[in-house]
Protein chains: 2
Amino acid sequence: MKVKVVTNILEANDRIADENRRIFQEAGVYVINMMSGPGAGKTSLLVRTIQEMQKKVKIGVIEGDIAGTDDAERIDSLGVPVVQINTGGGCHLDANMIREVLPDMPLNDLDLLIIENVGNLVCPAEFKVGEDMKVMLLSVAEGHDKPLKYPLMFQESSALLLNKIDLLPYIDVDMAKIRKDSLSLNPKLKIFEVSCKTGQGISEWAQWLETLVKK
Amino acid sequence: MKVKVVTNILEANDRIADENRRIFQEAGVYVINMMSGPGAGKTSLLVRTIQEMQKKVKIGVIEGDIAGTDDAERIDSLGVPVVQINTGGGCHLDANMIREVLPDMPLNDLDLLIIENVGNLVCPAEFKVGEDMKVMLLSVAEGHDKPLKYPLMFQESSALLLNKIDLLPYIDVDMAKIRKDSLSLNPKLKIFEVSCKTGQGISEWAQWLETLVKK
């Protein structure tokens, strides 16, 4: 008897991610893995995106947090199916956590499933969960040195949303450097500038996302 | 022969952290493990703290980053001994990384060693490196929901610096809630409000730190 040893925790994760992806494809749902550092505005972006797209696109949300249900409650109030995962100290979502909650998500009724990862600019980028694409947020208040200091997430993401641009008059941040360094890491990265506070830039992002979902 | 099995990676780390701590105590140097999410202003706080204390306290710095040497260059320009650790993807500093660079740090000439951890509000809180105390920063732009969502770092830290208070007029953040939730997690937490941009609050923090170093 041959024993297959799974030597790599990432390899084991990728196998489950592939299974999740097959389930998503069979249900015809487009899946985003949304990542950022803490407090960059993922949940606020979700709220804005749902409000913008809700009439045309059926959206569901999986919320990942170390602790608490605040974010899921914000989403629930919009009338969108939402499931909260608490990692209990874990620094990222993995494919198995997503698999566990899929029975609670009405996949066949959805066009788009958005998975909000734990707020962490490092670890989530290493773990596929079965998504069609990874999307990342960066609060412009975090500074222009982030692409070169946290390169993996910029490399893994298909889109980068630069959030909180309403704060630009009050902070010292070189937006051209963020763009240049991000694109040097990932020339195909699609970059949006948004403010989840004022709503600026949200419709451009939502329109782009809609074309992907409707493909 | 009895084989001792180290079952727990944290246990192995703690053993090395204890050795580091003994080295620090023999050298008579007080050690801070400084943590925060990405872009909360750890390096800016270091620069301000060094400028404020440099005449009275001999300071050295160990910089932890996934990639790059920007932060170490900022510290080096202040004429302070600094060593850069690049974790190469790793999401936190551990005790062994610190042990490896100690020969490059003139411990016997120092009163205070500040270790700047990787920008991550989750993983660094789990790993002792031999420090006397952990200190954390939170940018007020990250929002008031952070204590309850990332409880461990608030529980492990002795001091919390709420940075970027110059942005308070432009953001929706409930400072009273941050204080209340932080203190509910850790009643002994010492809280400072600072702006590394304007310098506000820095001297109060530096004076408190000086009393600990001089003990």
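Observations
- Looking only at residues of the stretch B:131-141 that are under 14 Å from B:R179 (Cα atoms) and touching a residue at least 60 places away in the same chain (Cβ under 8 Å), we find that the one that is nearest to the other protein chains (Cβ to nearest Cβ) is B:S139.
- Lone qualifier among B:G64, B:G79, B:G60, B:G37 - being surrounded by fewer than 24 Cβ atoms within 10 Å (Cβ to Cβ) and in contact with a Pro (Cβ under 9 Å, 6 or more places away or on another chain): B:G60
- Note on the stretch B:157-181: residues that are assigned to a helix (DSSP H, G or I), more than 12 Å from every other protein chain (Cβ to nearest Cβ) and not aliphatic (A, V, I, L, M) amount to 2.
- Filtered residues of the stretch A:150-175 (kept if closer than 26 Å to B:T87 by Cα, surrounded by fewer than 23 Cβ atoms within 10 Å (Cβ to Cβ) and touching a helix residue (DSSP H, G or I) at 6+ places or on another chain (Cβ under 8 Å)): A:P151, A:L152, A:Q155, A:E156, A:A159, A:V173
- Within the stretch A:27-39, the residues that satisfy the criterion of being within 14 Å of another protein chain (Cβ to nearest Cβ), among the small types (G, A, S) and over 16 Å from A:R74 (Cα atoms) are A:S36, A:G37.
- A:S203 vs. criteria at pLDDT 95 or above, touching a Lys or Arg at 6+ places or on another chain (Cβ under 6 Å) and of a type outside the set (V, I, T): no
- A:L112 being in contact with a Gly (Cβ under 9 Å, 6 or more places away or on another chain) and either at the interface with chain B (Cβ under 9 Å from one of its Cβ atoms) or surrounded by fewer than 24 Cβ atoms within 10 Å (Cβ to Cβ) (or both): yes
- Residue satisfying all of: in the stretch B:50-101; within 11 Å of chain A (Cβ to nearest Cβ) and among the aliphatic types (A, V, I, L, M); nearest to B:E116 (Cα to Cα) among these: B:I66
- Count of the stretch B:159-213 residues, restricted to those that are under 25 Å from B:L110 (Cα atoms) and without any contact (Cβ under 8 Å) to a residue 24 or more places away in the chain, is 3.
- Filter pass, A:L212 being under 25 Å from A:K56 (Cα atoms), buried (at least 18 other Cβ atoms within 10 Å of the Cβ) and more than 10 Å from chain B (Cβ to nearest Cβ): no
- Within the stretch A:176-199, the set of residues being farther than 26 Å from A:D132 by Cα and out of contact with any helix residue (DSSP H, G or I) (no Cβ under 6 Å at 6 or more places or on another chain) comprises A:A176, A:K177.
- The stretch A:147-178 - residue that is in contact with a strand residue (DSSP E or B) (Cβ under 6 Å, 6 or more places away or on another chain) and of a type in the set (K, R) and, of those, modelled with the lowest pLDDT: A:K149
- Some residue of the stretch A:106-121 being closer than 26 Å to B:T69 by Cα and charged (D, E, K, R): no
The values are calculated or read from the model by the stated rules, or taken from the named source; none is laboratory data. Every value quoted in this text rests on a predicted model; they were computed, and no experiment measured them. With ideal geometry, Cβ positions are generated from the backbone for all residues, glycine too; neighbour counts draw on all protein chains shown.
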